[in-house]
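These notes concern the structure reproduced below.
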Amino acid sequence: MAKRTLPRLLQTPAVILLLVWMLVPLGLTLYFSFIRYVLNSLRRPEWTTPSFSNWRGFGNYEYVLNAKDFWFAVQNSLFIVGSILLVTVVLGLALAMLVNRTFPGRGIVRVLLISPFFVMPAVNAVLWINMILDPVLGLNGIAVEGINEIVRGLRDFPVLGAFFSLWPEFEPVSFRATQTSAYAVIMMVTWQWTPFAVLIFMTSLQSEDESQKEAAILDGASAWSRFVNLTIPHLARPIAIVVMIQSIFHLALYAEIEIVSRGNGNKNLPYLIGEFTSNNIGAASATGIFAVILANILALFLLRIVGKSLMD
Amino acid sequence: MATIDQTSKFGKIAWPVLAWTVALIFFFPIFWMVFTSFKTDADAVKPEHLFFFTPTLENYANMTENYDYWRFAINSVITASFATLFALVVGVPAAYAMAFNPSRHTKDILMWMLSTKMLPAAAVLYPMTFLTKNFLNIFDTHFLVILVLCLINLPIVIWMLFTYFKEIPKEIIEAGKMDGVSTWGEIKDILVPLAWGGMASTALLCFIFCWNEAYWTVRLTTTEAATLSKLIEGNRAPEGLFFGRLSAVSTAAVGPIVVLGWFCQKQLVRGLTFGAVK
């Protein structure tokens, strides 16, 4: 036993580092969430330094729960995360099935498909909102203008022209408004994370029991029923993992929102915390604690699944 | 047993065509960014030059002048490299201890490490700013960025290394012990040569995550230690006038990493699912 003491001690630096990293900032957040703490206040300058004498109890939590912004941010966070999950999982499944067979150039197809995942989020957002989705200069605007151009041309034809002159001019959608910019964020994150889902599902499909499938074919099972009864159960765990890992990542979504919709009202929890942080630290901290609770609920499920597969 | 081939003649052509089409659609935004980077800023916003234009390298040539690209790129290289290095220096001994000398608590420790990764960064934004600005005086330094990048990736690094180390037969390490090899010797002479590939892909993945990180690198820096994420974030709204040069700097920022990523697809699955998908 003594021989094992030293090797075991080798994990202590990592444990201590992570412990400090977790406890110190989180402890401060917890502390700040119970006191009155603002960065600028002419009326109450004593609130600008953190101190126990500014104790507010659950006042910050109450304030946050009564703030319209908070509920909007929660709702919007869930809307964004839910939409991304739905699309990435369905699309990811379809694409994984599509690529999981042999055909010419399969290696290149895989490389092309996975590439978006490695693009840094900041570039992803800047690229999409400007060059693709911009209603005037982006491909979005250019495509709509092109369609209008064609319709205008068709109006000059006899007979048919009368029909086309009834058509309105198309207006490109602007993705900079509150609601539409949430769609823009969903679109760009989906583009980035569908490859991740595809990759995971593909890895898992390769371990599917082929002989079971062949037996099903011999029994005359249709492709759809094979997919529903064999493939989907086989993919249950990967799907759960993709859902939970993405939930955790996307609840923390920040760069995309900051770039696409700074100040236009489209916000999620991390963004709201950022806004509060410019002055009301108490409220920012209380919101932060809510975000931690939300993430922990999800993490619990994920950890349970990971834990099951850990020691075998 | 021979595989039963059910694919019809139509399917033999349709499936690959569909797969290729989807792949090209997914790759298109990246292609478009690279493509636009060879246009002048004026050409980039003219519909008549959408596909036909005189390619130019001036956007790349002027990258330093327009964006001070290299300053940010060097910061990215420095912070991502050192963060990866430190994560390995701390992570390898830890993963070694847990893989070859597990105790009752090993599983709990691993799970707990993973849970630190799930804390929303935004929740501790102000405390981090407060501590590093007012107390430690390390706000906007390379040291801080390296430290934070190392810490946020440490759980993934340890997990990945752990799954690689678990694949090494215990007997090999045990045999070393019988021969009276020290712990340090065990790691240096037996473990590292055996797990070299796994450690390399762990490092590669960690480097990619560090490079792409866009929360702390944006919020904890101003100028000194600002990375490429910060540079791009700062140019979020070019008002359409600079699509050419913006594409060039974006291409330069993501190009090397996307190529690196191609080489570690398989490891990505392991690193992001913590060995739960095989």
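Need one number: convex hull volume per residue for region B:9-59, Cα atoms only, in Å³. Spell out each step's value before the answer.
Working: hull volume 4.8 nm³, N = 51.
Cα-based convex hull of region B:9-59, divided per residue, equals 95 Å³.
Just to be sure I understand the rule: take each whole DSSP H helix in chain B, project its Cα atoms onto its long axis, keep it if the span is 30 Å or more and its mean Kyte-Doolittle hydropathy is at least 0.5. Which ones pass?
B:9-36, B:69-100, B:142-166
Which value at 222 nm does chain A reach when only helices count, each DSSP H run of 4 or more adding -39,500 (n - 2.57), with the total divided by all residues and rounded to the nearest 500 deg cm²/dmol?
-22000 deg cm²/dmol
Rounded, prolate or oblate: which fits chain B when a ≥ b ≥ c are the square roots of the eigenvalues of the alpha-carbon gyration tensor, with rounded for a/c under 1.5 and prolate only if a/b beats b/c? Could the numbers behind the result be given before it?
Details: a/c = 2.45, a/b = 1.31, b/c = 1.87.
Oblate, because a/c is 1.5 or more while a/b does not exceed b/c.
Classify the protein assembly as shown: rounded, prolate or oblate, from the alpha-carbon gyration tensor (a ≥ b ≥ c, eigenvalue square roots; a/c under 1.5 rounded; otherwise prolate if a/b is larger than b/c)?
oblate
Hey, for a label at A:Val38 modelled as a point 7 Å past Cα toward Cβ, could you say which residues of region A:238-282 have their backbone N under 19 Å away?
A:273-282
Using the Karplus curve 6.51 cos²θ - 1.76 cosθ + 1.60 with θ = phi - 60°, work out ³J(HN,Hα) for each residue of region A:237-253 in order, rounded to whole Hz, and write x for Gly and Pro.
Working through the residues one at a time gives 5, x, 5, 4, 5, 4, 4, 6, 4, 5, 4, 5, 5, 7, 5, 8, 3 Hz.
Excluding A:Phe164 itself, what net charge comes from residues whose Cβ is under 13 Å from its Cβ, given Lys and Arg +1 and Asp and Glu -1?
-1
Set the Förster radius R0 to 22 Å, insert the Cβ-Cβ distance between A:Leu218 and B:Leu18 as r into 1/(1 + (r/R0)^6), and round the FRET efficiency to 0.05.
0.25
Top mean-square fluctuation among A:Ile84, A:Ile147, A:Ile248, Gaussian network model of chain A, C-alpha springs under 10 Å?
A:Ile147
Let's test the formula: R0 of 60 Å, r as the Cβ-Cβ distance of A:Ile147 and B:Met178. What FRET efficiency results, to the nearest 0.05?
FRET efficiency, A:Ile147 to B:Met178: 0.20.
Amide H neighbours of B:Ala214 under 5 Å, at least 5 residues apart or on other chains, H built in the peptide plane: list them.
none
With Rg and the Kirkwood Rh both taken from Cα atoms, where does Rg over Rh land for region B:69-234?
1.05
Return the Cα extents of chain A along principal axes one, two and three, sorted largest first, each rounded to a whole Å.
82, 64, 30
Distance from the Cα centre of region A:169-229 to that of region B:93-116, in angstrom?
34
Amide H of A:Ile35 versus every other amide H placed in the peptide plane: which residues, excluding those fewer than 5 positions away on the same chain, fall under 5 Å?
Those qualifying (amide H under 5 Å, at least 5 residues apart or on another chain) are A:Arg56.
Starting from the Cα-Cα distance between A:Gln75 and A:Ala236, subtract it from 0.36 nm times their residue separation and give me the gain in nm to one decimal.
Between A:Gln75 and A:Ala236, full extension yields 55.2 nm more.
What are the semi-axes of the equivalent ellipsoid for region B:165-216, taken as the square roots of 5 times the Cα gyration tensor eigenvalues, largest first, in whole Å? Kindly include the intermediate steps, with their values, before the conclusion.
Details: eigenvalues 197, 23, 13 Å².
Sorted largest first and rounded, they come to 31, 11, 8 Å.
In a Gaussian network model over chain B where Cα atoms closer than 10 Å are linked, find which of B:Ile25, B:Ile173, B:Ile257 has the largest mean-square fluctuation.
Of B:Ile25, B:Ile173, B:Ile257, the Gaussian network model singles out B:Ile25 as fluctuating most.
Not counting ligands, DNA or RNA, and with a 1.4 Å probe, what is B:His105's accessible surface area in Å² rounded to the nearest 10?
90
How far apart, in nanometres, would the label points at B:Val77 and A:Arg101 be if each is projected 7 angstrom from Cα along the Cα-to-Cβ direction?
So the two model labels end up 4.6 nm from each other.
Gap in Å between the Cα centre of region B:21-60 and the Cα centre of region A:6-39?
47
What total accessible area, in Å², is buried where chains B and A meet, using a 1.4 Å probe and rounding to the nearest 100?
Adding both sides of the contact gives about 9400 Å².
Give the total of Lys-Lys pairs in region B:69-234 with Cα-Cα distances below 28 Å; include a pair only if its members are 8 or more places apart or on different chains.
Count of close lysine pairs: 13.
The values are calculated or read from the model by the stated rules, or taken from the named source; none is laboratory data. Worth saying up front: this structure is predicted, and the values here are computed from it rather than measured. Every residue, glycine among them, receives a Cβ derived from its backbone with ideal geometry; neighbour counts consider all protein chains shown. Accessible surface areas use protein heavy atoms only, side chains included; no ligands, DNA or RNA. Shrake-Rupley method; radii C 1.70, N 1.55, O 1.52, S 1.80 Å.
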